[in-house]
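Data block below; observations after.
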Amino acid sequence: MSEGRLLTFGLFVAFILITLAITFWARATTRNAEDFYAGGRAFSGPQNGLALAGDYMSAASFLGIAGLIALSGYDGFLYSIGFLVAWLLTLLLVELMRNAGRFTMADVLSHRVRRQPRVRTAAVISTVTVSVFYLVAQMVGAGALVSLLLGLSGGTAKAVTIVVVGAIMIFYVAFGGMKGTTWVQIIKAILLMTGTVVLTALVLARFGFNVSDILAAAARASGRTDYLHPGGGFAKEVAGDPVRTLINKLDFISLALALVLGTAGLPHIVSRFFTVPDARAARTSVNWAIGLVGVFYLMTLALGFGATALVGQARIAAADPSGNTAALQLAYVLGEGLGGPVGGDLLLAFVGAVAFATILAVVSGLVMASSTSLAHDYFGHVLMFGRPRESQEVAVARLSALVIGLLAVVLAVVARHQNVAFLVALAFAMAASANLPAIVLTLFWKRFNSAGVVAGVYGGLGACLLLVALSPVVSGKTDPVTGAGLSLLPPGIDFHVFPMENPGLVSIPFGFLCAWLGTLLSREKADRERYDDLAVRSLTGSGSHAQRQ
Amino acid sequence: MGSTPSYAGLAQDRRFRLLKTRFRRLALGIVVSFLSWYFLYILLSVFARDLMSRPLAGTVNVALLLGVLQFVSTFALAWRYTRYARRMLDPLSRQLREEAERQQAETERIEQIMAQRRRIEAWTPAPRRARHRRTSGGVR
């Protein structure tokens, strides 16, 4: 290993040691279910805001969007706007959900319905499915990234990395619970913001703080006239094929819809609503998250355009065709400009460690959310009829973290050579089609009932999975020039019927439709009193689960 | 879950209805404005590329400006929501919550007294007391 890589490795180890120490402390101070699932509800608004931002800003957005902007120009920016605007919907829902629930989305959904076990089971299935898909995407990315940073190559190195990342993540959750996981998120968010601010400041300084100059230099370096125009990356226009062009455009609108509606239904975001003492702190935390996420995505513009201007598209694409290494290459070039090769190595090692922290934090947030759901909702409320011993339920939660973590590791190792970036967008689409209709209708529709929740969740989730299975993502997509397969399955197999890669445009309305039809078609009558009770609780915070003294 | 108290009684309260109307009007306004503005921007990016590519100042074009404005509008709407909630929703919801919790405490107190009374009655069952009285009456 070169000196730079040794330094990178050293920083990884330092981050792991610090976070493991925190995990042990969290283990020692976790006494009951409230501590394990919600960190004792003792986090302040700003702390939880940092953790929310930490949970949300995945490596896909740090490295992925910077790379997207570097390679496809302006269109990468469209992604980040969707990711940010979505938080307004979260801001409107966060207080109601904090007031109405205890630990999970299922708590909110099952409050007013008559058939709680069915509703809880549906919520658990959707939570675990969304989390596992998102987890696999993150872990495959982790395998590629970490082996690249440490200069390892080949399938075995990737597999080993995935296993190590998986083991650390399981340890964080099973031992530290929500308390440990939240502190990991907070540290990661601070590291990520620091890293991005440093890189942005260096890029701006290179160009004399003139934004127009950066853009001009990037456009010049890209050698394309349309680099700063919409259409460079998404919704491509195919000359002479108006149908294909329209499908491409609808596909992009579909993605935009899923991004903006999915965030409020992501399990690892929802489970963070309950870690604060009351609804006001929850609102403060979302406001903090909006500020952090917004500033972060604005800075990714500087990173992306800066990478194109200073590193060059050819070198970025040579290192990784999807541009995931753009931010890292930029860090090296910027560091080199300051202090020669040593400076380059230093900055690269630091940004690499930030990326590593980002991956570990996001995956542990996802495992935390799904094991909470399995233990609290499925074991506690479905199997034990809502009367488990608290210590027993927490033990099941720790075990669930192990099971979910192992499942994700196995899937990620199997899929380590695939390009699974589409799974991130799919997770957002599933959250928007399965979870959002149930949440919104539970809070605002008087007549909504158990059958409606169940139909909406399964309908939305099923539609998403089916449409993706029948889409060009899974089969039948080939490169028009080389004829090489671009789908998950090898080129010979083609059963794609659905033309779009993003199911949201169809599956989100379908989820709402199922929830509505399910309600109307069942003979079950909504419980008016419980609906009124939920309305009062959610808006006033009466009887909400407060911080235990 | 069966033993958790119900606050449904407050749903008909005039102040609660006001709170609900205010929240729903605010939430609807924000959802409609940010979704329509966001999708206007997306649709322009997809279908009106010539307009979006028009340069404004140096290399900054309409698309980049509108994109940055999406950030600005998100911050502004979040700020507006928070300000309105602090002024128009929080005081009302605090008042209702305190009242609900007072009522709840009162109900619990009454239930406790009733339970105590039932317990006392169960310790000295009526029939035996009657029998005792009867026998003591017989002695007298």
Search result, residues across the stretch A:104-125 that are over 11 Å from A:Leu374 (Cα atoms) and within 19 Å of the chain's Cα centre (by Cα): A:Met105
Residues satisfying the stated conditions in the stretch A:333-362, i.e. farther than 25 Å from A:Val164 by Cα and surrounded by fewer than 24 Cβ atoms within 10 Å (Cβ to Cβ): A:Val333, A:Glu336, A:Gly337, A:Leu338, A:Gly339, A:Gly340, A:Pro341, A:Val342, A:Gly343, A:Gly344
Some residue of the stretch A:54-69 being of a type in the set (Phe, Trp, Tyr) and part of a helix (DSSP H, G or I): yes
For A:Glu524: the one exception among (1) farther than 30 Å from A:Cys464 by Cβ; (2) away from every other protein chain (no Cβ under 14 Å); (3) of a type in the set (Asp, Glu): (1)
All positions within the stretch A:314-331 that are under 25 Å from A:His417 (Cβ atoms), open to solvent by less than 30 Å² (accessible area, probe 1.4 Å) and assigned to a helix (DSSP H, G or I): A:Ile316, A:Ala326, A:Ala327, A:Leu328
Of residues in the stretch B:52-80 being hydroxyl-bearing (Ser, Thr, Tyr) and facing chain A (nearest Cβ under 7 Å), the one farthest from A:Val536 (Cα to Cα): B:Thr59
Looking only at the stretch A:62-90, and only at residues there that are more than 15 Å from the chain's Cα centre (by Cα) and closer than 22 Å to A:Ala361 by Cβ, the one that is nearest to the other protein chains (Cβ to nearest Cβ): A:Leu68
Cross-chain or 6+ apart pairs with Cβ under 7 Å, the stretch A:88-108 first and part of a loop (DSSP other than H, G, I, E, B), then of a type in the set (A, V, I, L, M, F, W, C): A:Gly101/A:Val108; A:Gly101/A:Phe274; A:Arg102/A:Phe274; A:Phe103/A:Ala38; A:Phe103/A:Phe274
From A:Ala318, A:Ala264, residue being of a type in the set (A, V, I, L, M), more than 10 Å from every other protein chain (Cβ to nearest Cβ) and more than 19 Å from A:Val85 (Cα to Cα): A:Ala318
Selection count where residues are within 18 Å of A:Val351 (Cα to Cα), more than 10 Å from chain B (Cβ to nearest Cβ) and open to solvent by less than 10 Å² (accessible area, probe 1.4 Å), scope the stretch A:282-304: 4
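Anything in the stretch A:130-173 that is open to solvent by 30 Å² or more (accessible area, probe 1.4 Å) and touching a Ser or Thr at 6+ places or on another chain (Cβ under 9 Å)? List them, or say none.
Of the residues in the stretch A:130-173, the ones open to solvent by 30 Å² or more (accessible area, probe 1.4 Å) are A:133, A:141, A:144, A:148, A:151-154, A:156, A:158, A:160, A:163-164, A:167, A:171.
Correct list: A:Gly141, A:Ala144, A:Leu148, A:Gly151, A:Leu152, A:Ser153, A:Gly154, A:Lys158, A:Val160, A:Phe171.
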Residue pairs meeting the criteria (Cβ under 8 Å; at least 6 apart or on separate chains; first on the phi > 0 side of the Ramachandran plot, in the stretch A:530-544; second among the small types (Gly, Ala, Ser) and in a helix (DSSP H, G or I)): A:Gly541/A:Ala279; A:Gly541/B:Ser93; A:Gly543/B:Ala100
A:Val474 among the β-branched types (Val, Ile, Thr) and part of a loop (DSSP other than H, G, I, E, B): yes
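In the list A:Tyr79, A:Tyr37, A:Tyr74, which residue meets the criterion of being among the aromatic types (Phe, Trp, Tyr), open to solvent by less than 10 Å² (accessible area, probe 1.4 Å) and within 30 Å of A:Leu310 (Cβ to Cβ)? Outline the logic, then answer.
Working: A:Tyr79 fails: open to solvent by less than 10 Å² (accessible area, probe 1.4 Å); A:Tyr37 fails: within 30 Å of A:Leu310 (Cβ to Cβ).
Among A:Tyr79, A:Tyr37, A:Tyr74, only A:Tyr74 is among the aromatic types (Phe, Trp, Tyr), open to solvent by less than 10 Å² (accessible area, probe 1.4 Å) and within 30 Å of A:Leu310 (Cβ to Cβ).
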Of all residues in the stretch A:399-421 being crowded, with 19+ Cβ neighbours inside 10 Å and in contact with a Ser or Thr (Cβ under 8 Å, 6 or more places away or on another chain), the one that is farthest from A:Leu360 (Cα to Cα): A:Ser400
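Among the residues of the stretch A:410-430, what is the count of those that are at pLDDT below 85, of a type in the set (Gly, Ala, Ser) and part of a helix (DSSP H, G or I)?
From the stretch A:410-430, those at pLDDT below 85 are A:416-422; that's our starting set.
Add one more test, that the residue is of a type in the set (Gly, Ala, Ser), and what stays is A:421.
Those left that are additionally part of a helix (DSSP H, G or I): none.
Residues that pass the stated criteria total 0.
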Residue in the stretch A:122-130 that is within 11 Å of chain B (Cβ to nearest Cβ) and either at negative phi or assigned to a helix (DSSP H, G or I) (or both) present: no
Residue within the stretch A:328-345 that is in contact with an Asp or Glu (Cβ under 7 Å, 6 or more places away or on another chain) and not small (Gly, Ala, Ser) present: yes
Test: residue in the stretch A:226-235 that is open to solvent by 10 Å² or more (accessible area, probe 1.4 Å) and more than 30 Å from A:Ile253 (Cβ to Cβ): no
Residue count, the stretch A:482-519 (criterion: within 18 Å of A:Lys249 (Cα to Cα) and in contact with a strand residue (DSSP E or B) (Cβ under 6 Å, 6 or more places away or on another chain)): 0
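Working carefully through the options B:Arg22, B:Arg49, B:Arg83, find the one that is at the interface with chain A (Cβ under 9 Å from one of its Cβ atoms) and of a type in the set (Lys, Arg). Steps first, answer last, please.
Numbers: B:Arg22 fails: at the interface with chain A (Cβ under 9 Å from one of its Cβ atoms); B:Arg83 fails: at the interface with chain A (Cβ under 9 Å from one of its Cβ atoms).
Every option except B:Arg49 fails the conditions.
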Selection status of B:Pro5, within 9 Å of chain A (Cβ to nearest Cβ) and surrounded by 15 or more Cβ atoms within 10 Å (Cβ to Cβ): yes
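Could you tell me whether A:Thr127 is touching a Pro at 6+ places or on another chain (Cβ under 8 Å) and polar (S, T, N, Q)?
Yes; evaluated as a whole, the condition is true for this residue.
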Scope the stretch A:215-263; condition at pLDDT 90 or above, of a type in the set (Lys, Arg) and within 22 Å of A:Leu301 (Cα to Cα); matching residues: none
B:Ser33 being in contact (Cβ under 8 Å) with a residue 12 or more places away in the chain, closer than 23 Å to A:Phe444 by Cβ, touching a Leu at 6+ places or on another chain (Cβ under 9 Å) and polar (S, T, N, Q): yes
Which numbered condition A:Ala59 misses (of (1) of a type in the set (A, V, I, L, M); (2) within 15 Å of the chain's Cα centre (by Cα); (3) open to solvent by less than 10 Å² (accessible area, probe 1.4 Å)): (3)
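The values are calculated or read from the model by the stated rules, or taken from the named source; none is laboratory data. No experiment lies behind these values; they were computed from the predicted model shown. Neighbour counts run over all protein chains shown; Cβ positions are idealised from the backbone, glycine included. Side chains are part of the model used for accessible areas, which takes the heavy atoms of the whole protein and leaves out ligands, DNA and RNA. Shrake-Rupley method; radii C 1.70, N 1.55, O 1.52, S 1.80 Å.
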